[in-house]
Amino acid sequence: MQIDTQDKLQDKAANKIQIITDLFQKEIKEHGSYQFPVLVSEETLSRYTSGSFLWHWHKEIEFTLVLSGNMFYQINEDIYSLTEGEALFGNSNTLHTGRMDKNKDCHYLSVTFNPKIIYGYEGSLIQNKYVNPLQQDISFSSLHFDLSETWHAEIISHLKQLYNITKQDGYYVELDTQLLLLKLWRTLISNRPHQVKEANKFEEQNIRRIKQILTYVENHYTLKIELADIARYINLCKSECCRLFKRYMGISLFEYIIEYRIEKSLLYVTGSDISITETALNVGFSDSNYYSKVFRKLKGCSPTKYRQEFHRGTED
């Protein structure tokens, strides 16, 4: 079984990472292995550039348990404020992102697994009866375990046990992990609300369009992006395109493009000696002064200062 453990905060710039996705915003990272598709990992938001991980999705189920601190976590259009001891369920193929609360770090546990660890093989009774009804429920993208229901404590207890098991190197760690995941799933499906929110027959299409927009930005952020081009790409009018994006992402499409370009520019700011003007052009800004102004607003300092602090951090 694949286990990632981080025993202390890594706050130097040289250790910053970011979610890596393909052209369709699907996370490339392996969650476990083919032989045992489970990944239990300790994470801290400070490890990520800007204290947040970018929008992405994957086919695996994911549970998140906050070990210390707070974080904002968004799954599709739902935004959650998670505090220490609370947990969150994210269904398969949902778009999600997380960020710091008030620039303070958050230490959390991520439990990610392919549902086949529950049902065994395709077409099994377990899959058809106990997994597919939840996994394929578009209206059930997420669930917050905030202890408002008594059974939430059971879910959180299972996650803590998983955390303890995978920190050990016992012979039965995989078997014990699978048994706990079965208990976790049993608790979830027997208690979850069956009407979390009204199912929308267009929900799947909307999520697909959001993924298409993210893909378009990924492929064209270095160029001039016109709203009309994106709207045409996803077969919507411009106003509906903007409304849809704002509903799901929580920010305007224009704001997202700007922030995405700033994130991409960090590779040039910290990993090269090219000028700030050239950096701005490389990520789609036609005006370096505007780039620097936006950079300062989002990062709290100028690109030059950010570069200096980065190199100072790598020398410590």
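Could you tell me, in Å, what Rg and Dmax come out for the Cα atoms of segment 213-273?
Cα only, segment 213-273: 12.8, 42 Å (Rg, Dmax).
On a C-alpha basis, how far is the centre of segment 103-150 from the centre of segment 50-72 in Å? Whole number, if you could?
Value for the Cα centre distance between the two parts: 14 Å.
Given the pairs 59/104; 102/297; 116/264; 129/183; 59/264; 264/293, which are separated by over 27 angstrom at their Cα positions?
59/104; 116/264
How much length is gained if the chain between residue 281 and residue 36 is pulled fully straight, taking 0.36 nm per residue apart and subtracting their Cα-Cα distance, in nm to one decimal?
Separation in residues times 0.36 nm, less the Cα-Cα distance, equals 83.8 nm.
Using packing as a proxy for protection, rank 221-229, 86-94, 277-285 so that the peptide with the highest average count of other Cβ atoms within 10 Å comes first.
86-94, 277-285, 221-229
Measuring from a point 7 Å past the Cα of residue 137 along Cα-to-C-beta, which residues in segment 34-62 have an amide N at less than 16 Å?
Inside the label zone: 61-62.
Where Rh is the Kirkwood radius over the Cα pairs of segment 80-216, the temperature 37 °C and the viscosity 0.692 mPa s, what D in µm²/s does Stokes-Einstein return?
Stokes-Einstein gives a translational diffusion coefficient of 194 µm²/s.
Under the Kirkwood approximation for Rh and a Cα-based Rg, what ratio Rg/Rh is obtained for the chain?
0.98
Just how large is the dipole of the chain about the Cα centre, in debye to the nearest 20, putting +1 at every Lys and Arg Cβ and -1 at every Asp and Glu Cβ?
Here the size comes out at about 800 debye.
Would you calculate, for the chain, the mean residue ellipticity at 222 nm contributed by helices, counting each DSSP H stretch of 4 or more residues as -39,500 (n - 2.57) and dividing by all residues, to the nearest 500?
After summing the helix terms and dividing by the residues of the chain, the value is -13000 deg cm²/dmol.
Taking every eigenvalue of the Cα gyration tensor of segment 215-316, multiplying by 5 and rooting it, what semi-axes result, largest first, whole Å?
Listed largest to smallest, the semi-axes of segment 215-316 are 30, 14, 11 Å.
Can you give me the distance in nm between label points at residue 311 and residue 161, each placed 7 Å from the Cα along the Cα-to-Cβ direction?
Result for the modelled spin labels: 5.4 nm.
Here, each number is a calculation from the coordinates, and none is a lab measurement. Bear in mind the structure is a predicted one, so any value in this text is a computation, not a measurement. Neighbour counts are summed over all protein chains in view; Cβ atoms, including those assigned to glycine, are modelled from backbone coordinates with ideal geometry.
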